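Below you'll find the structure, written out as structure tokens, and then a few comments.
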Amino acid sequence: MSAWTFWLTTLLVAGAVFATRLPGLLLARPPAGPLGRALDVVPAAVFATLAVPPLLLAGGAALTLRADLLLAGVATAIVADASRRFDLAVAAGLVMAGLCRVVGLH
Amino acid sequence: MEEMLARILAHERLAEAERVGYQAARLRAARVDVPGGSSLAAGFLAALPLGLASVPFAFAYGVAADGAGLSPLQAVLFSFVVYSGTGQLVAMGLLGAGAGALAAAGMVLAVSLRHLLLGAALAPLLGRLRPARRLPLAFGLSDEAFALSVGPLRAGGSPAHLAGAELGLFVTWQTAVAAAAFAGGAVAPPRWLALDLVLPLSMLALLVLVARGAREGAVAAVAAAAAVGAALLGAGPWATLAGIGAGALAALPAPEVRCPERRSPSPQATR
């Protein structure tokens, strides 16, 4: 790729990304009413959308229901709820997934 | 006349105070405890384990950049300037398929729209931080940084936590990208390490730790169902935006109802 094309592409793509990241952060006042209620639950919605599809779809566009992913998810959720510890919960899920893969359960 | 003006001004001040007070109460009600404290160092350290999740994506990006005709140095420079995992992968996929710069930028703009919501949700938590100081925070804003810092910020923490988390994620991502670009995709982490699951499992743990009450549980269920449904319909990178949007819309009709306080996390969880 030529230097001219590379830098044009880089700056256009970077501008597109920044254009979506900046406006929300510059809001001067916390939105109230329906918009405020909607934004209040964005964290839960973000966590759910980033957690569930990879575990059910394995990065594809069809339900896979793989044992290693499901058991890792269950282990993480149970340990998180029981211990209230983020690090323990993730470690439990990773260990479960690793064990499943070592024994060929995936 | 002056008395009337003074009454109107006083009424407006009262309304503003009530609005601000309501917002503060809402944030206090949403107070959560997640690990890491609220300093720059705490945010940085909290980001490092989650940064491991970027390793498989970085290797995928390295392969895609090679396919799009970028040299290893160009792949690293592109990553430094753009700094968006999804955006970089989408751009390289399109460029590799022969698309132009404008098409790539347009598609990246579309798949990054969710950041508008993340930024708007974070803005009230940054207090009186000046716009000039929000610029670097905007550059580093990502799903993972948002996930790591929204809890400490809601609990009254400093924006430094967000800066630290963004810095930690930036360093780990760029390190992984550099390794992937110069290794040419020849070296990949073993599957049994399950690094591909660090991100979804981290998000699941945060969901269990942070979401409280029937309302947020319902929102999470709607968001997850919408994201899965959109992915099944072939929405690709749009599925995340669909899930977040559906979850946010699900919160519109119902007034806030919270369950009784859950038991507190252990001291280790809040250090």
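General remarks:
Residue-by-condition table, conditions (1) among the aromatic types (F, W, Y); (2) under 28 Å from B:G243 (Cα atoms); (3) at pLDDT 80 or above:
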residue: B:V34; (1), (2), (3): no, yes, no
residue: B:A46; (1), (2), (3): no, yes, yes
residue: B:L50; (1), (2), (3): no, yes, yes
residue: B:G67; (1), (2), (3): no, no, yes
residue: B:L73; (1), (2), (3): no, no, yes
residue: B:A105; (1), (2), (3): no, yes, yes
residue: B:R114; (1), (2), (3): no, yes, yes
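- Each residue in the stretch B:191-227 was checked for being aliphatic (A, V, I, L, M), farther than 18 Å from A:A75 by Cα and crowded, with 24+ Cβ neighbours inside 10 Å, and 6 pass.
- Selection status of A:L71, more than 7 Å from every other protein chain (Cβ to nearest Cβ), surrounded by fewer than 22 Cβ atoms within 10 Å (Cβ to Cβ) and farther than 15 Å from B:A230 by Cα: yes
- Look at (1) facing chain B (nearest Cβ under 7 Å); (2) open to solvent by less than 50 Å² (accessible area, probe 1.4 Å); (3) of a type outside the set (V, I, T); (4) in contact with a Leu (Cβ under 7 Å, 6 or more places away or on another chain) and you find that A:P53 fails only one, number (4).
- Candidate set: the stretch A:79-90, residues that are under 20 Å from the mean Cα position of the chain (by Cα) and without any contact (Cβ under 8 Å) to a residue 12 or more places away in the chain; chosen: the one surrounded by the fewest Cβ atoms within 10 Å (Cβ to Cβ): A:D81
- Listed by position, the helices (runs of 4 or more DSSP H) inside the stretch B:101-143 whose residues that are more than 7 Å from every other protein chain (Cβ to nearest Cβ) and under 26 Å from B:A68 (Cβ atoms) number at least 2 are B:101-111.
- Restricting attention to the stretch A:30-45, the residues that are crowded, with 21+ Cβ neighbours inside 10 Å and in a helix (DSSP H, G or I) total 7.
- Taking the stretch B:214-244 as the range and being within 28 Å of B:P49 (Cα to Cα) and more than 7 Å from chain A (Cβ to nearest Cβ) as the test, the residues that pass are B:G217, B:A221, B:A225, B:G236, B:P237, B:W238, B:L241, B:A242.
- Test for B:F80: is it more than 10 Å from chain A (Cβ to nearest Cβ) and surrounded by fewer than 23 Cβ atoms within 10 Å (Cβ to Cβ): no
- Among residues of the stretch B:151-165, those that are touching a Leu at 6+ places or on another chain (Cβ under 7 Å) and within 22 Å of A:T49 (Cα to Cα), counted: 4
- Per this entry, B:E166 is counted among residues that are within 25 Å of B:L73 (Cβ to Cβ), of a type in the set (D, E) and either open to solvent by less than 10 Å² (accessible area, probe 1.4 Å) or more than 8 Å from every other protein chain (Cβ to nearest Cβ) (or both).
The values are calculated or read from the model by the stated rules, or taken from the named source; none is laboratory data. Because the structure is a prediction, the values reported are computed rather than measured. Reconstructed Cβ throughout: ideal geometry from the backbone, glycine too, with neighbour counts over all protein chains shown. Accessible surface areas use protein heavy atoms only, side chains included; no ligands, DNA or RNA. Shrake-Rupley method; radii C 1.70, N 1.55, O 1.52, S 1.80 Å.
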